[in-house]
1. For residues that are open to solvent by 100 Å² or more (accessible area, probe 1.4 Å), outside any helix (DSSP H, G or I) and farther than 17 Å from HIS123 by Cβ, tally how many sit in the stretch 82-100.
2. For the stretch 88-112, which positions are farther than 30 Å from VAL22 by Cα and touching a strand residue (DSSP E or B) at 6+ places or on another chain (Cβ under 8 Å)?
3. Would you point out the residue of the stretch 112-157, among those that are more than 15 Å from the chain's Cα centre (by Cα) and within 18 Å of GLY93 (Cβ to Cβ), that is surrounded by the fewest Cβ atoms within 10 Å (Cβ to Cβ)?
4. So, in the stretch 49-81, how many residues would count as being part of a helix (DSSP H, G or I) and surrounded by 14 or more Cβ atoms within 10 Å (Cβ to Cβ)?
5. On the given criteria, is VAL104 touching a residue at least 24 places away in the same chain (Cβ under 8 Å) and not acidic (Asp, Glu)?
6. In the stretch 117-154, how many are closer than 21 Å to MET49 by Cβ, without any contact (Cβ under 8 Å) to a residue 40 or more places away in the chain and part of a helix (DSSP H, G or I)?
Amino acid sequence: MQIANHSVVSFHYTLTDGQGQVVDSSDGREPLTYLQGSGQIVPGLEKAMEGRRAGDQFKVDVAAAEGYGERHEELVQEVPRDAFQGVTDIQPGMQFQGRGPQGVINVTVTRVDDDKVHIDGNHPLAGQTLHFAIEVTSVRESTEEEREHGHVHGEGGHHH
């Protein structure tokens, strides 16, 4: 069966950055399972999966616009330390959720000065080309319930 809209797909992956460093991988874990066409993986990878079959192995480069988006410098900000009430030891690399004009935003602390905290609301991989090595392990038709809910149920997916 070929991967098409509403297919349930399981795959192993290794994601590397432009320097060849492994950023994420399913190595040693269960394959990632998703519902094709539901936006659960980055758009460029979802497009590259279309038409593939179980057993296919391939590499694909996904441009930033089809991955985690371009970097937006307006999401890099300096905020007062007292905006982090209840957190006494703020360190670079820590992640927090905040509220932005479009709702909840995840931010990463990039630098801490005496009374200022520098944060970045961009995804850590924003602006980067993503390099995937993929092995499709299984493809099946989704159930009506999975299509209605917009995600996979059962093994490798969501359990109700």
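1. Step one: filter the stretch 82-100 for residues open to solvent by 100 Å² or more (accessible area, probe 1.4 Å), giving 82, 85, 88, 95, 97, 99.
Applying the additional criterion that residues be outside any helix (DSSP H, G or I) yields 85, 88, 95, 97, 99.
Add one more test, that the residue is farther than 17 Å from HIS123 by Cβ, and what stays is 85, 88, 99.
Counting residues in the stretch 82-100 that are open to solvent by 100 Å² or more (accessible area, probe 1.4 Å), outside any helix (DSSP H, G or I) and farther than 17 Å from HIS123 by Cβ gives 3.
2. Start the filter on the stretch 88-112 by keeping residues that are farther than 30 Å from VAL22 by Cα, which leaves 88, 99-103.
Matches in the stretch 88-112: ARG99 only.
3. Filtering first and then ranking leaves ASP113.
4. Initially, the stretch 49-81 is screened for residues part of a helix (DSSP H, G or I), giving 49, 64-66, 73-75, 81.
Pick out the ones that are also surrounded by 14 or more Cβ atoms within 10 Å (Cβ to Cβ) and you get 49, 64, 66, 75, 81.
Qualifying residue count, the stretch 49-81: 5.
5. On the way: touching a residue at least 24 places away in the same chain (Cβ under 8 Å): no; not acidic (Asp, Glu): yes.
No; evaluated as a whole, the condition is false for this residue.
6. Taking the stretch 117-154 as the starting set, the residues that turn out to be closer than 21 Å to MET49 by Cβ are 123, 125, 128-143, 146-147, 149-154.
With without any contact (Cβ under 8 Å) to a residue 40 or more places away in the chain added as a condition, the list becomes 143, 149, 153-154.
Within this subset, residues satisfying the condition of being part of a helix (DSSP H, G or I) are 149.
The number of residues fulfilling the criteria is 1.
The values are calculated or read from the model by the stated rules, or taken from the named source; none is laboratory data. Here the structure is a predicted model, which is why all the values come from computation and not from measurement. Backbone-built Cβ (ideal geometry, glycine too); neighbour counts: all protein chains shown. For the accessible areas, the whole protein counts, side chains as well, though only heavy atoms, and no ligand, DNA or RNA atoms are used. Shrake-Rupley method; radii C 1.70, N 1.55, O 1.52, S 1.80 Å.
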